[in-house]
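So the structure is just underneath, and the comments pick up after that.
The values are calculated or read from the model by the stated rules, or taken from the named source; none is laboratory data. As the structure is a prediction and not an experimental result, all values here were calculated from the model. All Cβ positions, glycine included, derive from the backbone under ideal geometry; neighbour counts span all protein chains shown.
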Amino acid sequence: MADSQLLKKDLFGEIRRMSLGDENVIVRDVSSVSPWLRWLARRMLQREARVLAMLEGIEGIPQLLRLERDVLWRSYLSGEPMHLAKPRDPDYFKAAYRLLRILHRTGVVHNDLAKEPNLLVQENNRPAILDFQLAWHTPKRSRLFRLLAYEDLRHLLKHKRSYCPQDLTQRQLMILQNPSLPSRAHMRAIKPIYMFITRRLLGWSDREGTGDRGNRL
C-alpha cells in the first residue's frame, strides 16, 4: 500500500506526496471540496493537466502522470521552496529566467509566480516551477498573453530583488517599477475583494511563502 503524506489542504482540495515503491508522486485531490466550489476545483485541475501536457519533457517542470475526474497525479521534484532556500546566487535567477522563457515560447503563462513556494531550488542550484492551476496556454501571442508573460517576469524579478538585489540590471529595475495595467487593476479592485471574501467571510488565509511548507509540491 502506498505511503501518503498530506502537504496542503485548502478550499480547493488536498495535495499529498505518495510513495509508490521507490518512487514519489504528487497527488492533487479535489473530491473533498465543498459542492459549491467543486466545479471550479475540477476546472483548475483540468487546466493544470492541459498545461503540464503541453510542457511534457521540459526539465524543471512536473510531468503529468494521470488525470481522473477529481484527482491529478504528477511527478515529484525534489528541492526546497524559494522562501526556505533563499537563493543568493544570481545564476539561479538566470536559469529561472531561461526556464520561464521556455514556458512563454511554448505558449504558457504561469499567472501565479508571486508565490515563492511555486519556485523550487533543486540540486546544483537548478530552478523548477510548480503549481499550474492558474496557468494558461494559447497558441496565439495576443496582447493579453504578452501582458501576462510580462507579469510572470516581473514577479520573478521581485524575488530576485529580495535575494539578489545587487544583481538587478537597469532594465530589470524599470520592469519592477512599471507593473502592467491588469496588475494595477488587480491590486486596486480585485485583491481587496478577494482578501475580504477569503479571510473575513471564509476564514481562510492563502499566505504561501510565509510558513514552513517544505519541498512539498
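Could you check segment 69-88 and list, in sequence order, the residues that are in contact with a strand residue (DSSP E or B) (Cβ under 9 Å, 6 or more places away or on another chain) and of a type in the set (D, E, K, R)?
70, 74, 80, 86
So which residues in segment 117-143 are within 8 Å of the chain's Cα centre (by Cα) and either free of Cβ contacts under 8 Å to residues at least 12 places away in the same chain or outside any loop (DSSP other than H, G, I, E, B) (or both), if there are any at all?
Matches in segment 117-143: 117, 118, 119, 129.
Mind checking which residues of segment 34-46 are surrounded by fewer than 20 Cβ atoms within 10 Å (Cβ to Cβ) and either touching a strand residue (DSSP E or B) at 6+ places or on another chain (Cβ under 8 Å) or polar (S, T, N, Q) (or both)?
34, 46
Every residue in segment 17-28 that is part of a strand (DSSP E or B) and over 16 Å from the mean Cα position of the chain (by Cα), please.
Matches in segment 17-28: 17, 18, 19, 20, 23, 24, 25.
Taking segment 72-96, which residues are hydroxyl-bearing (Ser, Thr, Tyr), buried (at least 16 other Cβ atoms within 10 Å of the Cβ) and either modelled with pLDDT under 95 or not in a loop (DSSP other than H, G, I, E, B) (or both)?
Within segment 72-96, just 92 meets the criteria.
Testing residue 69 on (1) touching a residue at least 60 places away in the same chain (Cβ under 8 Å); (2) exposed (fewer than 12 other Cβ atoms within 10 Å of the Cβ), one condition comes back false. Which one is that?
If we test residue 69 against (1) touching a residue at least 60 places away in the same chain (Cβ under 8 Å); (2) exposed (fewer than 12 other Cβ atoms within 10 Å of the Cβ), just (1) comes out false.
Kindly evaluate residue 112 against the criterion of being at pLDDT below 95, charged (D, E, K, R) and crowded, with 17+ Cβ neighbours inside 10 Å.
For residue 112, the condition - at pLDDT below 95, charged (D, E, K, R) and crowded, with 17+ Cβ neighbours inside 10 Å - is met.
Kindly provide the set of residues from segment 1-16 that are part of a strand (DSSP E or B), under 19 Å from residue 133 (Cα atoms) and either at pLDDT below 90 or not charged (D, E, K, R) (or both), ordered by number.
6, 7, 8, 9, 10, 13, 15 - these are the residues of segment 1-16 that are part of a strand (DSSP E or B), under 19 Å from residue 133 (Cα atoms) and either at pLDDT below 90 or not charged (D, E, K, R) (or both).
Mind listing just one residue for me: the one in segment 125-148 that is among the small types (Gly, Ala, Ser) and modelled with pLDDT of 95 or more and, of those, nearest to residue 93 (Cα to Cα)?
128
Restricting attention to segment 96-106, does a residue exist that is closer than 20 Å to residue 149 by Cβ, among the hydrophobic types (A, V, I, L, M, F, W, C) and touching a Gly at 6+ places or on another chain (Cβ under 7 Å)?
The answer is yes, given that some residue of segment 96-106 is closer than 20 Å to residue 149 by Cβ, among the hydrophobic types (A, V, I, L, M, F, W, C) and touching a Gly at 6+ places or on another chain (Cβ under 7 Å).
Quick one: which residue in 52, 67, 45, 37 is more than 15 Å from the chain's Cα centre (by Cα) and at pLDDT 95 or above?
Step by step, each of 52, 67, 45, 37 is checked, and only 67 is more than 15 Å from the chain's Cα centre (by Cα) and at pLDDT 95 or above.
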